[in-house]
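Reviewing the structure listed below.
The values are calculated or read from the model by the stated rules, or taken from the named source; none is laboratory data. On a predicted model such as this, the values are computed, not experimentally measured, just so you know. Heads up, the Cβs are rebuilt from the backbone with ideal geometry, glycines too, and the neighbour counts pull from every protein chain shown. Remember, those area values only see protein heavy atoms, side chains included, never the ligands or the DNA or RNA. Shrake-Rupley method; radii C 1.70, N 1.55, O 1.52, S 1.80 Å.
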Amino acid sequence: MCGIIGYVGQRRCQGLLFEGLKRLEYRGYDSAGLAWRENGRTECVRAIGNLESLSSALAARAAAGEAQDSGALATATVSAGIGHTRWATHGAVTEHNAHPHSDWSGRVRIVLNGIIENYVQLREWLAEEMIECSSETDAEVVAQLISLHYDGDLSDAVRRTVSVLSGHFAFVAMCDEEPDTLVGIRRECPLVVGVGEDELFIASSISAFLRHTRRVVVLHDGEIAVMRHGAVTVFDVDGLPHRPQETHVDWDEDRCEKDGFETFMLKEIHEQPAAIAETLLQSRANLTQAADGALGPEAARAISRIVIVGCGTSYHAGLAGRMAVERWARVPVEVDVASEFRYREPIVEPGTLVIGITQSGETADTLAAMRLARAQGATVLAVTNATGSQATREADAVLFTRAGLEIGVAATKTFVAQVVLLYHLALHLARARGALPAAEAEALQRELDRLPGHVEQVIESVDSGMRVLAERLVWSPFFLYLGRLSGLVVALEGALKLKEISYVPTDAYAAGEMKHGPIALLGHDTPVVCVATDDRVLPKLLSNLSEVRARGARVLAVASEGCKQIAEHAEHVVYVPVSDPLLQVVLAIVPLQLFAYHLARARALNVDQPRNLAKTVTVE
């Protein structure tokens with residue numbers, strides 16, 4: 001997993017590349033490197049760790065007199081370069097693996113995002129050709145193959161190399177013999193070209209070069225881009241030319257910054273009301289226009305079963321969606337972890353709608369599950385936050401969340417956007433199938449429309465209290481989260497947030513399952529976080545809490561306003577506005593997001609870049 005960037009133009013590119021990597025660091029931060037042309041030769045700087053380590057390495061190189069200046073202030077004229085920030089999947093994090101990978105002679109260098117699935121076989125074949133790899137990475141294999149195929153045309157060498165690669169990847173290559181040329185290829189991983197005045201950028205994300213140009217060419221799957229002399233040409237792996245389709249991006253650059261918040265995660269928690277409102281507005285328009293096709297009324301009535309696949313937070317959103325679809329539309333729903341679904345030989349019969357939820361639209365396991373379902377004849381719907389992503393091209397229909405750019409690794413606003421979109425879809429299916437009285441459907445729609453205001457109210461009312469509570473419990477060694485029905489979804493997602501950014505061991509269970517094992521983990525003062533927002537099972541939940549308190553545990557509860565019984569069973573209660581029990585998922589998760597955030601901050605941890613995690617997982 002990497003964030004990659006390249007530049008061709010007349011400006012000094014070392015600083016431009018480093019600046020772009022700062023926008024991509026959320027995609028990987030255990031090593032980083034740059035390679036660029038300088039004074040007729042190619043230079044490389046690499047570092048283990050985040051971009052601060054790379055900046056220090058650039059400064060040390062400058063101080064040693066190997067360059068005229070350091071990092072973003074380089075004075076040497078350079079016209080082409082590449083860089084990446086890496087999250088290791090193949091090859092340990094070592095100094096050799098940290099930099100843009102090259103063949104042994106150093107004439108070809110690449111930056112790669114994704115995975116080469118057959119790299120072991122290719123490595124063995126290279127060894128038979130007396131070419132020895134010096135690192136453990138699959139990326140070096142690609143560089144070696146390009147060098148082997150090179151015969152005066154870098155684009156042709158890349159094309160020939162791609163023909164023997166299996167996997168999902170995007171990479172950018174440069175070559176000493178063609179100093180003003182970069183060649184990029186996309187296969188199921190994101191890669192976009194930025195077109196400026198007499199200069200070109202290529203990167204994993206538009207945000208990497210948004211400051212310099214808003215003219216963008218989005219590469220489609222299997223396309224190769226050749227960038228030289230201020231012009232980009234595009235062709236496919238067979239060498240057939242494609243016409244580049246340039247678009248203008250209207251993003252506000254400030255969206256890529258923290259807007260005065262101390263971290264991106266806190267900023268994104270506060271952006272949740274807007275994300276919900278924009279997602280509801282967009283999904284209403286999309287579903288209203290779905291007169292025919294996979295989401296039209298006739299197709300909705302023909303659905304006999306729904307399967308939802310996702311990973312991590314998206315899986316939890318799917319659990320919330322299942323309850324809404326089954327309760328409102330009366331369609332049976334299964335929710336599966338995408339990586340398990342694709343290998344368990346699932347039964348996908350005619351009439352099945354498979355919904356793949358992926359924030360980035362590039363999650364490898366979810367894409368594979370969607371492909372399997374489609375191959376077996378299912379109708380596939382993608383739910384994603386990324387237009388132009390791989391998921392949008394492989395699905396029969398697409399519904400977009402409108403959460404905007406989310407940089408913090410731990411999903412917050414993308415989760416609530418996914419949940420409200422699935423709720424909207426559930427209402428759409430219920431109306432189409434006649435499963436809900438019109439008055440009830442309208443009442444639920446009004447409740448949905450109130451969610452942005454309710455979420456804003458929750459953020460304002462509980463933030464300071466969550467900070468105090470987190471600081472009080474900051475060194476607790478273990479947390480147990482409990483919930484029933486919709487409260488279980490909140491417990492699962494809340495526990496995941498705490499694990500992701502604070503590294504505190506945390507378990508989440510259906511409260512009724514507690515005495516079937518997890519109760520053995522409880523001791524004196526063990527914090528137990530309980531979600532008590534579903535009044536349908538409140539008496540049962542209160543009984544579970546009595547058992548918890550009998551073991552000396554401390555109970556922290558999230559409950560609906562007016563729930564007086566919970567105060568008798570909890571040391572601390574956070575109240576959220578009253579709403580439909582299913583919609584309470586969106587409200588009840590906010591205090592737990594803030595609790596996890598403040599606890600991690602109290603531990604002086606980097607909440608935007610938790611260890612061992614990356615924002616977009618494009619490998620299995």
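Counting only helices (runs of 4 or more DSSP H) that sit wholly inside region 102-177, those with at least 1 residues that are among the small types (Gly, Ala, Ser), out of contact with any helix residue (DSSP H, G or I) (no Cβ under 9 Å at 6 or more places or on another chain) and open to solvent by 30 Å² or more (accessible area, probe 1.4 Å) are 119-128. All conditions but one from (1) assigned to a helix (DSSP H, G or I); (2) in contact with a strand residue (DSSP E or B) (Cβ under 8 Å, 6 or more places away or on another chain); (3) free of Cβ contacts under 8 Å to residues at least 60 places away in the same chain apply to Leu488; the one that does not is (3).
If you scan region 11-62, which residues turn out to be among the polar types (S, T, N, Q) and either over 25 Å from Glu178 (Cβ atoms) or not in a helix (DSSP H, G or I) (or both)?
Initial filter on region 11-62 (among the polar types (S, T, N, Q)): 14, 31, 39, 42, 50, 53, 55-56.
Within region 11-62, Ser31, Asn39, Thr42, Asn50, Ser53, Ser55, Ser56 meet the criteria.
Of all the numbered requirements in (1) among the hydrophobic types (A, V, I, L, M, F, W, C); (2) more than 24 Å from the chain's Cα centre (by Cα); (3) under 21 Å from Ala491 (Cβ atoms); (4) open to solvent by 10 Å² or more (accessible area, probe 1.4 Å), Ala299 misses one, and that requirement is (3). Figure legend. Inter-residue proximity from region 502-530: first residues over 19 Å from Ala596 (Cβ atoms) and in a loop (DSSP other than H, G, I, E, B), second residues of a type in the set (Lys, Arg) and open to solvent by 20 Å² or more (accessible area, probe 1.4 Å), beta-carbon distance below 6 Å, spacing 6+ or different chains. Indicated pairs: Leu522/Arg551; Asp525/Arg554. Which ones in region 542-574 are part of a strand (DSSP E or B), of a type in the set (Gly, Ala, Ser) and open to solvent by 10 Å² or more (accessible area, probe 1.4 Å)? Correct list: Ser560 only.
Residues checked against (1) within 18 Å of Val416 (Cα to Cα); (2) surrounded by fewer than 17 Cβ atoms within 10 Å (Cβ to Cβ):
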{"site": "Val576", "(1), (2)": "yes, no"}
{"site": "Leu582", "(1), (2)": "yes, no"}
{"site": "Ala588", "(1), (2)": "yes, no"}
{"site": "Ala604", "(1), (2)": "no, yes"}
{"site": "Gln609", "(1), (2)": "no, no"}
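Only one entry in Arg344, Arg301, Arg327, Arg284 is of a type in the set (Lys, Arg), out of contact with any Pro (no Cβ under 9 Å at 6 or more places or on another chain) and part of a loop (DSSP other than H, G, I, E, B), namely Arg344.
For the structure I just gave you, tell me whether Ala495 is in a helix (DSSP H, G or I) and surrounded by 15 or more Cβ atoms within 10 Å (Cβ to Cβ). Write out each step before concluding.
Working: in a helix (DSSP H, G or I): yes; surrounded by 15 or more Cβ atoms within 10 Å (Cβ to Cβ): yes.
Yes, satisfied.
Listed by first and then second residue, the pairs with beta-carbon distance under 6 Å, at least 6 apart or on different chains, first residue in region 602-620 and more than 20 Å from Cys189 (Cβ to Cβ) and modelled with pLDDT of 95 or more, second of a type outside the set (Val, Ile, Thr) and open to solvent by 30 Å² or more (accessible area, probe 1.4 Å), are Ala602/Glu471.
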